[in-house]
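What follows draws every value from the coordinates through simple rules; no lab data is involved. The model shown is predicted, which means the values in this text are computed figures rather than measured ones. Backbone-built Cβ (ideal geometry, glycine too); neighbour counts: all protein chains shown.
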Amino acid sequence: MAYRKKGKVPKLSNALNQVELGKFLDNLTEEEISKIKYSLSELIYWWMGNPSETRIKLLFSKFPFLYKFLNSEIVIKRLQILDKFESHYLGISISDFLPELVKIRDEFYLRYNDIPKDIKKAELWLLPIALDAGADVNLEAAIYFASRGKGHIIDSNCIKDKWHKSICQSIERGRPLANRLTEDIKKRANEQLISLTEAAALLTFHDSIPQFFSFRDEEEDFITACFFRGVEWFNIKGFEQWINSFAAELSTVGQSGIDHIRTSWHLFFWCRSDLALRKVNKFGLESIIWALMNGNIERNSPWKQTSWTSKDFLIVDYIPIASILVFAWYRIKPSNIDSSTIDRAIELIFATQMPSGAWTIKSDDTEGSIISTCFAIHALAIAKPNGWLNACKLAKTWLYEQQDETGCWHVDGGPTVMLTVLVLDSINLADESSIVTFYFKPQIPTIKIPEETIEEPVYDYTSEPWFNTLSPEILSIAKTEIQKTFSPKISLVVATEVELKQTLARLKPIKNKRKILRVVFKHDTYYLGKFGAFDTVVVMSSMGTEGTTGSALTIETLIQTWNPKAIILVGIAFGANRTKYLPADVLIAENIIPYENQRIGERIIFRNAIPPSSSILLNRFKNAFDWKFLRPDKTPVSKHFGPVLSGSKLVDNIDFKNHLLDEYPNAIGGEMEGSGLCSAAARHNKEWIVIKSVCDWGDGKKNKNFQQMAAASSISLCENVFTDPHALDGL
């Protein structure tokens with residue numbers, strides 16, 4: 001790579017149509033403008049590495065609207081002069097290579113900044129952050145929308161997946177595993193195939209589990225509370241061991257000497273989580289209150305702190321401590337502790353409010369503090385002393401004046417997302433509203449619609465080409481007559497009659513034969529034909545892996561009898577949830593998670609290995625871009641790649657399904673024969689994969705409404721892949 005002088009960029013042909021960009025912006029809603037602005041900003045900020053044709057196409061694929069006003073051909077041609085751009089250790093800057101993208105982002109900012117400042121603009125600012133939330137402080141934005149009855153816009157399963165991924169990354173980094181980090185554990189952690197129970201056992205060190213949320217120094221005070229709040233607002237299961245570990249740590253904070261300022265801030269945020277207050281030992285919380293109420297300078301005035309100046313130091317009132325003590329007192333409701341200090345704290349809060357309505361951090365400060373003002377509003381709104389409402393309304397007016405042009409509230413170096421949510425809560429409290437993020441009231445709508453209450457679509461299948469397909473003409477033949485001349489390249493394995501019928505409907509006679517051949521041998525019946533471009537053998541096992549006709553022995557015998565190169569388990573499965581995995585969506589197993597082998601003790605530990613599918617076959621299905629299968633309402637089904645649960649139980653119980661998903665949050669669904677397939681195939685070193693479509697969700701409402709469509713969908717995808725005569729090249 002040639003390097004140019006710093007700051008020099010080659011002259012570029014313009015790829016941006018400014019007029020079309022303006023038209024596009026004119027037709028967007030404020031919400032769409034906010035989302036796109038955020039996405040483009042994140043893309044430009046996090047861009048690393050050099051541009052390539054693949055990356056440019058991915059950019060246009062992610063933001064297809066760019067085609068309306070950005071000429072992709074002109075952009076791709078710039079790759080011919082890539083050596084003329086300045087490069088550094090992170091690669092060529094996207095701002096240098098594609099300055100039009102920066103201009104587009106700036107145009108979105110201009111339109112967004114025209115939106116007047118108010119609560120709506122704050123929510124517009126928070127929305128894309130909430131949608132991107134995971135194991136970080138962005139979760140505060142998601143919690144805000146959940147508390148306002150809009151939790152359904154956030155994919156809680158996606159949040160749970162991100163938490164699981166963060167935990168696996170912690171394991172992969174090796175702390176605090178010491179000598180327990182084997183190559184197998186590292187590999188499974190990299191592939192996110194470690195259950196939450198196993199992860200907790202691996203990460204436990206000195207009876208505690210480390211935090212897996214990512215955060216900066218200024219976010220440390222509230223990151224644990226953020227985790228607790230996320231669990232309760234989004235009803236996230238499976239992280240009980242982290243909850244218990246963090247709660248145990250919080251319960252012991254007051255048992256030794258404390259830093260009044262730091263501990264008080266921690267306490268405020270813990271008290272904004274109902275779950276934390278329920279889980280943390282109440283005596284532990286009371287010990288923190290007691291320790292804070294005994295000041296380190298004046299015993300009965302714990303807010304008295306030392307303030308250093310350039311020449312000397314002063315004793316000043318640190319107002320947040322007074323506000324936090326009041327708020328925590330009413331949230332924790334301690335017993336056997338004198339409340340006179342709380343009364344004096346309330347007096348101090350009233351006495352230190354500035355004429356503007358704000359509160360400072362220290363009594364000798366001259367400028368109001370957003371966070372100190374929010375603390376004071378929380379304290380007064382929960383204690384409700386005489387005059388609290390007038391004080392809070394004046395403070396609310398001041399808070400509105402501090403709103404940034406972008407819609408958020410921020411301070412230099414501060415946690416802007418949390419601060420914005422805190423301000424919005426404070427404004428509601430000042431308006432006597434109980435709709436805030438730290439306690440629940442009946443008027444708050446349900447956050448998460450239970451899966452089992454979602455109505456299933458009703459389809460008319462009568463005009464669908466796969467509906468009630470006729471079985472092909474079949475000729476029964478002895479194994480000895482055909483085995484020497486027939487050498488199948490692939491085998492399709494099914495487990496139900498519905499799956500078998502849809503598979504046989506796609507089978508064609510082999511060369512020089514007019515009918516599909518049927519071979520009956522011992523416990524099994526084989527169907528021989530052409531599937532796509534390949535000679536194929538089809539066999540049906542019974543449901544599950546066990547028994548003389550279960551998938552394990554059926555596939556073992558299949559391999560010994562016909563020796564195919566690849567084995568594909570095709571058919572129907574349950575989806576992990578109703579909102580993400582729709583009827584007939586295809587689940588393509590990157591791994592099989594066998595869940596039957598368990599250690600039953602104080603905790604259930606899953607003991608099976610988690611084998612990966614054939615990387616070659618997986619590649620073929622990932623590249624099936626031209627495949628399409630439509631539901632009767634003309635919506636296309638989707639492909640989903642990920643781990644698939646497998647066990648002999650017919651899952652139709654929401655609690656049992658959720659128990660499995662709590663352990664493996666990134667599982668996309670489940671079925672009954674996959675563990676038998678991977679066991680038999682591994683013994684004979686055969687390529688294998690599981691391709692199954694969603695026919696139900698294992699939640700107690702199992703029926704046959706979608707089975708035929710799901711079977712047709714999965715076999716249709718398989719046919720698309722194996723129509724390519726080179727699909728098996730390299731096996």
In sequence order, what are the phi-derived ³J(HN,Hα) couplings for the stretch 127-141 according to the Karplus relation 6.51 cos²θ - 1.76 cosθ + 1.60 with θ = phi - 60°, rounded to whole Hz, with x for glycine and proline? 4, x, 5, 5, 5, 9, 5, x, 8, 7, 6, 4, 4, 4, 5
How far apart, in nm, are two points set 7 Å out from the Cα along the Cα-to-Cβ line at residue 431 and at residue 344? 3.7
I'd like the GluC sites (Glu not before Pro) in the stretch 305-401 restricted to DSSP loop residues with at most 13 other Cβ atoms within 10 Å, sorted by number. 367
Of the candidates 621, 15, 292, the farthest towards the positive dipole end of the chain (Lys/Arg Cβ +1, Asp/Glu Cβ -1, centred on the Cα centre) is 621
So in the chain, what percent of DSSP beta bridges are antiparallel if you round to the nearest 5? 50
In what sequence do 461, 45, 664, 318 fall when counting other Cβ within 10 Å, fewest first? 45, 461, 318, 664
Long-range amide H contacts for residue 696: which residues qualify at under 5 Å (H placed 1.01 Å from N, peptide plane, sequence gap of 5 or more or a different chain)? 573, 575
Quote to one decimal, in nm, the extra length available between residue 118 and residue 656 on full extension: 0.36 nm per residue of separation minus the C-alpha distance between them. 189.1 nm
Given Cα pairs under 8 Å that are at least 6 residues apart, what percent is the relative contact order of the stretch 474-722? 27
What percentages make up the Cα-Cα pair-distance distribution of the stretch 474-722 when the bins are 10 Å wide from 0? 8, 34, 36, 18, 4, 0, 0
Inter-label distance, nm, simple model (7 Å from Cα along the C-beta direction), residue 400/residue 173: 4.3
Extension gain (nm, one decimal) between residue 724 and residue 26, 0.36 nm per residue minus Cα-Cα: 246.7 nm
Expressed as a rounded percentage, what relative contact order does the stretch 1-111 have, with Cα pairs under 8 Å and six or more residues apart? 48
Provide the three semi-axes, in whole Å and in decreasing order, of the ellipsoid equivalent to the chain as defined by the square roots of 5 times the Cα gyration tensor eigenvalues. 57, 33, 23
Per-residue HN-Hα couplings for the stretch 332-338, Karplus 6.51 cos²θ - 1.76 cosθ + 1.60 at θ = phi - 60°, whole Hz, x for Gly and Pro? 8, 6, x, 10, 6, 10, 5
Tell me, what is the FRET efficiency for residue 464 and residue 77 to the nearest 0.05, using R0 = 51 angstrom and their Cβ-Cβ distance as r? 0.65
Taking the alpha-carbon centroid of each part, what is the distance from the stretch 415-429 to the stretch 641-701 in angstrom? 43
The size of the Cβ-based charge dipole (Lys, Arg +1; Asp, Glu -1) of the chain about the Cα centre, to the nearest 20 debye, is 2460
Sequence-separation-based contact order of the chain, relative, with Cα cut under 8 Å and 6+ spacing, percent: 11
Space enclosed by the convex hull of the alpha-carbon atoms of the stretch 246-332, per residue, Å³: 92
Could you pull out every residue, at least 5 positions away or on a different chain, whose amide H is within less than 5 Å of the one on residue 234? Hs are placed 1.01 Å off N in the peptide plane, and Pro or chain starts have none. none
Given a Förster distance of 51 angstrom, what is the FRET efficiency for residue 619 paired with residue 283, based on the Cβ-Cβ distance and rounded to 0.05? 0.30
If you rank 226, 158, 271 by fewest surrounding Cβ atoms within 10 Å, what's the result? 158, 271, 226
Mind computing the radius of gyration and Dmax over the alpha-carbon atoms of the stretch 18-115? Å is fine for both. 13.9, 42
Whose amide H sits under 5 Å from the amide H of residue 591, counting only residues 5 or more places off or on another chain, with H placed in the peptide plane? 613, 642, 644
Euclidean distance between Cα centres, the stretch 6-41 to the stretch 55-126, Å: 6
